[in-house]
1. Taking the stated definitions as given, is K52 in contact (Cβ under 8 Å) with a residue 12 or more places away in the chain, under 15 Å from the mean Cα position of the chain (by Cα) and open to solvent by 30 Å² or more (accessible area, probe 1.4 Å)?
2. Give the residues of the stretch 186-204 that are in contact (Cβ under 8 Å) with a residue 12 or more places away in the chain, within 17 Å of A168 (Cβ to Cβ) and open to solvent by 10 Å² or more (accessible area, probe 1.4 Å), sorted by residue number.
3. Checking T132 against (1) open to solvent by less than 70 Å² (accessible area, probe 1.4 Å); (2) more than 30 Å from T214 (Cβ to Cβ); (3) in contact with a helix residue (DSSP H, G or I) (Cβ under 8 Å, 6 or more places away or on another chain): exactly one of these is not met. Which one?
4. Please work out which residue is nearest to M76 (Cα to Cα), limiting yourself to the stretch 2-15 and to residues that are hydrophobic (A, V, I, L, M, F, W, C) and open to solvent by 50 Å² or more (accessible area, probe 1.4 Å).
5. Any idea how many residues of the stretch 40-57 are at pLDDT below 95 and in a helix (DSSP H, G or I)?
6. Which one of these is under 23 Å from L170 (Cβ atoms) and either open to solvent by 40 Å² or more (accessible area, probe 1.4 Å) or in a helix (DSSP H, G or I) (or both): L85, L97, L72, L140?
7. I'd like to verify a number: residues in the stretch 16-39 that are surrounded by fewer than 17 Cβ atoms within 10 Å (Cβ to Cβ) and either more than 19 Å from the chain's Cα centre (by Cα) or at pLDDT 95 or above (or both), how many?
8. Just checking, how many residues over the stretch 60-69 are surrounded by 13 or more Cβ atoms within 10 Å (Cβ to Cβ) and over 14 Å from R11 (Cα atoms)?
Amino acid sequence: MANKIDLALKRLVDDLRAAYGENLASIVLYGSVAAGDHLELRSDHNLLIALKRITVADLRLSETTLRNWHSLGQPMPVFFTVEELKRAADVFPIEFLQMEKARKVLHGSDPFDLVEISQANLRHQTEYELRTKLIQLRRLYIPASTSVERLSALMSDSLASFAALFRAVLILHGQEPTVSKSDNVRATARLLGLEESSFERIFALRSKPGSKLTETEANTVFSAYMDQIERVIEAVDEMESQNRER
């Protein structure tokens, strides 16, 4: 039996078709729900709406429909024109790859048939995002370092963010990532010869709420964890040098 969100999604698609008519090129569901790796009634239903043109007036046509959708706890869709999707792959390679790998077309043609993602652009954005998150991790560590709870939360939350980028690392090395973030972390560790124990300790913090660390243990795990992140960045950075030598 269809649940409340499934029915709301069907109604949303019908309402968007009515609102946009011929201007509506595609509606795409992407992410864990599209891949079938989600928690019923809890996971976000991420949507991409592709229009042939986008003006302020066009956006306002869906205001009531999307306000109702958002009131169910669902994120607002992202809007692109068809032409933008063709041209934006050079600046959004990671995001487009994530959409491309786990998507379901709900209306119209598949917009990702038109998208070409460059390995060079993917490598560049992957390194940029990894370095940005590492800088943020170092900054947040300082106030969290004297609190086991805060440091544990920082490690757990940041690893989830890094895991999404590890998908791109695997793709750059010619490997097929999975939907599971933890599996991608383990696959990246095996690929690059990383020390997996710090990752596993952090996974345990999330999956086993009762597993607590002492302050000394938490800082030791963090140190090892940060070292492994730095090694991932070094591996991605080295790919640029290798490409230049070819």
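The values are calculated or read from the model by the stated rules, or taken from the named source; none is laboratory data. The structure displayed is predicted, hence computed values, not measured ones. Heads up, the Cβs are rebuilt from the backbone with ideal geometry, glycines too, and the neighbour counts pull from every protein chain shown. Protein only, heavy atoms only, side chains kept; ligands, DNA and RNA dropped before computing areas. Shrake-Rupley method; radii C 1.70, N 1.55, O 1.52, S 1.80 Å.
1. So K52 does not fit the description; no.
2. Within the stretch 186-204, R186, A187, L191, L192, L194 qualify.
3. In the conditions (1) open to solvent by less than 70 Å² (accessible area, probe 1.4 Å); (2) more than 30 Å from T214 (Cβ to Cβ); (3) in contact with a helix residue (DSSP H, G or I) (Cβ under 8 Å, 6 or more places away or on another chain), T132 misses (3) alone.
4. For the stretch 2-15, the residue satisfying everything is L7.
5. 0
6. Details: L85 fails: under 23 Å from L170 (Cβ atoms); L72 fails: under 23 Å from L170 (Cβ atoms); L140 fails: under 23 Å from L170 (Cβ atoms).
Result of the check over L85, L97, L72, L140: L97.
7. Number of matching residues: 5.
8. Residues meeting the conditions: 1.
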